[in-house]
1. Test each condition in (1) within 14 Å of chain B (Cβ to nearest Cβ); (2) without any contact (Cβ under 8 Å) to a residue 24 or more places away in the chain for A:THR295 and report the one that comes out false.
2. Which is over 20 Å from A:ALA194 (Cβ atoms) and of a type in the set (S, T, N, Q), of A:THR154, A:THR175?
3. If you go through the stretch A:114-124 one residue at a time, do you hit one that is in contact with a Ser or Thr (Cβ under 7 Å, 6 or more places away or on another chain) and buried (at least 24 other Cβ atoms within 10 Å of the Cβ)?
4. Return the residues of the stretch A:82-97 that are within 19 Å of the chain's Cα centre (by Cα) and assigned to a loop (DSSP other than H, G, I, E, B); say none if nothing qualifies.
5. Mind listing whichever residues of the stretch A:229-252 are assigned to a helix (DSSP H, G or I), acidic (Asp, Glu) and in contact (Cβ under 8 Å) with a residue 40 or more places away in the chain?
6. Going by the conditions given, is B:GLY127 buried (at least 21 other Cβ atoms within 10 Å of the Cβ) and either at the interface with chain A (Cβ under 8 Å from one of its Cβ atoms) or assigned to a helix (DSSP H, G or I) (or both)?
7. So if I check each of B:ASP55, B:ASP104, which one is in contact with a strand residue (DSSP E or B) (Cβ under 9 Å, 6 or more places away or on another chain) and over 16 Å from B:ILE246 (Cα atoms)?
8. With the stretch A:19-81 as the region, which strands (runs of 3 or more DSSP E) entirely inside it contain at least 1 residues that are modelled with pLDDT under 95?
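The values are calculated or read from the model by the stated rules, or taken from the named source; none is laboratory data. All values derive from a computational prediction rather than experimental measurement. Reconstructed Cβ throughout: ideal geometry from the backbone, glycine too, with neighbour counts over all protein chains shown.
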Protein chains: 2
Amino acid sequence: MTDYETFDLGATKLSCGVIVPSLHLAYKVYGQLNAEKSNLILYPTSYGAQHSDIDWLIGSDRILDPERYCIVIPNQLGNGLSSSPSNFALPFTHGRAPAFSHLDNISAQERLLREVLGVERIALVYGWSMGGQQTLHWGALHPEKVERICATCTSARTSPHNKLFLEGLRAALTTDPAWNGEWFTQHPVRGLRAFARVYAGWALSQAFYREDIWAEAGFASREDYVVRAWEGNFLRRDPMDLLSMIQTWIDSDISSNDVFRGDLNAALGAIKARAIIMPSTTDLYFTIDDSEIETSMMPNAELRPISSNWGHRAGNPQNSREDEAAIQQAVKSLLAE
Amino acid sequence: MTDYETFDLGATKLSCGVIVPSLHLAYKVYGQLNAEKSNLILYPTSYGAQHSDIDWLIGSDRILDPERYCIVIPNQLGNGLSSSPSNFALPFTHGRAPAFSHLDNISAQERLLREVLGVERIALVYGWSMGGQQTLHWGALHPEKVERICATCTSARTSPHNKLFLEGLRAALTTDPAWNGEWFTQHPVRGLRAFARVYAGWALSQAFYREDIWAEAGFASREDYVVRAWEGNFLRRDPMDLLSMIQTWIDSDISSNDVFRGDLNAALGAIKARAIIMPSTTDLYFTIDDSEIETSMMPNAELRPISSNWGHRAGNPQNSREDEAAIQQAVKSLLAE
């Protein structure tokens, strides 16, 4: 019993050059397509998340309204539900899973929309963090299909500092005694805990910890927050899936393809969709400075920062409703156009 | 053959409650005391550093002038030269080294100045990072002895976010296969590399990496910088010494003692010295916001931020001379008063 559907793409050539005999995309649909198929919102997943982790913002009084829109969450490749290191068969086990890029994600999602749902134009692509990376890939690679973009706490090309942050996470995880250089010989509890603790320092802001804002989310202490929210989240994940998604994130660059050949200005300039780019004022790895630089290269985009002490997690479910209201307002104004 | 001197304090009760039969302080003197013994500058060491790592800023045309001042660098406890886990004898080996606090550092340094050098008043205490923590401890615990303070990229009490950053470093290091829960059964190369990579993300700013500023320091790529500057630095250190100094840093709080009993406002208010507090505008763990809050509680202090893209390493030797000029100017104006 699952609460989602699966689209089997069959034998698929991935951007890394490997052909997998079967690629599958797990997705969930919230709400219904209208007769014109003009009300689809695509909402890709963020790092380490599955659809059930991010669908809290779908609701008639939340950011994405399933009464009016048909919202589709495609689970990103590597997240444990769609094709991932943890569910590949031989020979792609034990450290041999092919690398996924966002090109692979967008390509699989485009087939899902066209072949399964019969959708040619997307009313809105909405995404946070790695989900936001996918929205910008959509905009650059399929400008004729994407009408609107709302991208929060994200980037079109992963910045050098962001890459270093991710390399630090990867180094912490693969320091575990169970890492043999290619895979883990058992569940790397120690490595995942280090991974989680390092991550917790980056994902929120200094002010978040200075002002004990974790208390608003129901935690008793900073340690309670790190253990239950961060260690708890990552200990239940497959570590090879986590490494796979880190690589996708490090490599994320909307211009790294045959169309734009590394020209970020051209790739951002190709995005026709009306877009609102929403960095958090306190995000430590998707910085507001980077978003400002990228947004200035997009012809039809507005930079609308979220003023928040929640760092990269601005707008997330445990926050006060202020951040959510800012995003809700942005989505509403986009969809009204 | 050493280039420094050692002061043996004999049997010493540490603030953690343990009596060590011998405590020693390694120190180096640059320049000469004048007849009035009124020209002493005390310059404590920062995290992981020994005197030879930080004496580049001593020079007649640098920040601290040994022609006019007698500059003393006391190596902090735990740094491998002064008493440290790596040089304790039984029973203080194998994870049983007593914890050091800055109270222990200041107490040992005070005895050095009084008993060995015969100095009762200090013209200036200068320090960066953990060295800066010691300057503020000096100011609060010996207000009658400290005439001036220049503290860069530091805090009087380690902030919650800063603690989490340090816990992340500790977690990365102790994830190493050689960690048995109490000590390392061999040199933890994998753990030290993870430690270094995580640290490198925090110690510089996002802009430092965005703008390839490592190139100014002679590195060929970001990876070259991380491997040679960061892994290279930490792989040569004793890992138990690194853990010891992390604990000292986490616990650093000028009010955590019998005098101030946790009242930070009172402790900062007790500092009589004329002080200049110099956070870096881009420091990710000793934030300018924290420095501003603390400086506002000091009656005789000025907040003078260093505008730099070097993050926590503003003013360090590999930088362009701009940061150094700002600090040089601050020290000059302090000493002229």
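1. Condition (1) is where A:THR295 drops out.
2. Values: A:THR175 fails: over 20 Å from A:ALA194 (Cβ atoms).
Just one listed residue meets the conditions, A:THR154.
3. no
4. A:SER82, A:SER83, A:SER84
5. Residues of the stretch A:229-252 that are assigned to a helix (DSSP H, G or I), as a first pass: A:229-235, A:239-250.
Narrowing the set further to residues that are acidic (Asp, Glu) leaves A:231, A:241.
Hit for the stretch A:229-252 is A:ASP241, nothing else.
6. Numbers: buried (at least 21 other Cβ atoms within 10 Å of the Cβ): yes; either at the interface with chain A (Cβ under 8 Å from one of its Cβ atoms) or assigned to a helix (DSSP H, G or I) (or both): no.
No: the conditions fail for B:GLY127.
7. Working: B:ASP104 fails: over 16 Å from B:ILE246 (Cα atoms).
From the options B:ASP55, B:ASP104, the qualifying one is B:ASP55.
8. So the answer is none; nothing clears 1.
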